[in-house]
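Shown next, in C-alpha cells, is the structure this report addresses.
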C-alpha cells in the first residue's frame, strides 16, 4: 500500500499532466481562432490572439513584423479586400509546454486564396513555428511565422465563385 507522501506525489504529477493537457488544448483553440479570424477578416478579434510585442516571420521571413499593430496592418493590407477570399487550416500540431507560462508549437498549414477580380487562385502548404505565452491566464501568440513547403498558382479560367461571404448581396 502506498504511503501518503507517495500518494501526494502521484496526485501532484497527475495535476501537472492535466494542466499541461488543458494548456495544449487552449493553444490549439488559440491557433484555430487565429485562422478563423484571419479568413473572416475579424481584425480586432485577431489582434486579441497576439501579445502587444508579438513578432511574425511570414513566407520564410520575407514579411517580418514587430508589434500587434504592424502585424494586423500587414494582414489587413494583404487579405482585407473584399476581392480576396482566403482559407487557412492548421493540422498536426506539435505543442510543447516549456514552462507554466511558455510553449512552442509547430503546425502544418494549408492555405488557399481566390482573388475574385483577377479570377486567380493559389494553394500553399507551410510549416508554422510559433511561440506562446500565458498572459493573465490566457495563452497568446508571442511569435508566429512559417516556412513554405510549396505554393502553386493558377488562372481559374471558366471557374466561377458561386458563394462568398464578402461579396455584396445580389439584387
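Condition first: surrounded by fewer than 12 Cβ atoms within 10 Å (Cβ to Cβ), under 28 Å from residue 80 (Cβ atoms) and more than 13 Å from the chain's Cα centre (by Cα). Now tell me which residues in segment 8-59 satisfy that.
44, 52, 53, listed by residue number.
Do you know which residues across segment 21-65 are under 17 Å from residue 77 (Cα atoms), part of a helix (DSSP H, G or I) and in contact (Cβ under 8 Å) with a residue 12 or more places away in the chain?
34, 35, 37, 38, 39, 40, 43, 45, 46, 47
Bear in mind that the values in this text are calculations on the coordinates, not laboratory data. Predicted model only: the values in this text are computed from it and were never measured. With ideal geometry, Cβ positions are generated from the backbone for all residues, glycine too; neighbour counts draw on all protein chains shown.
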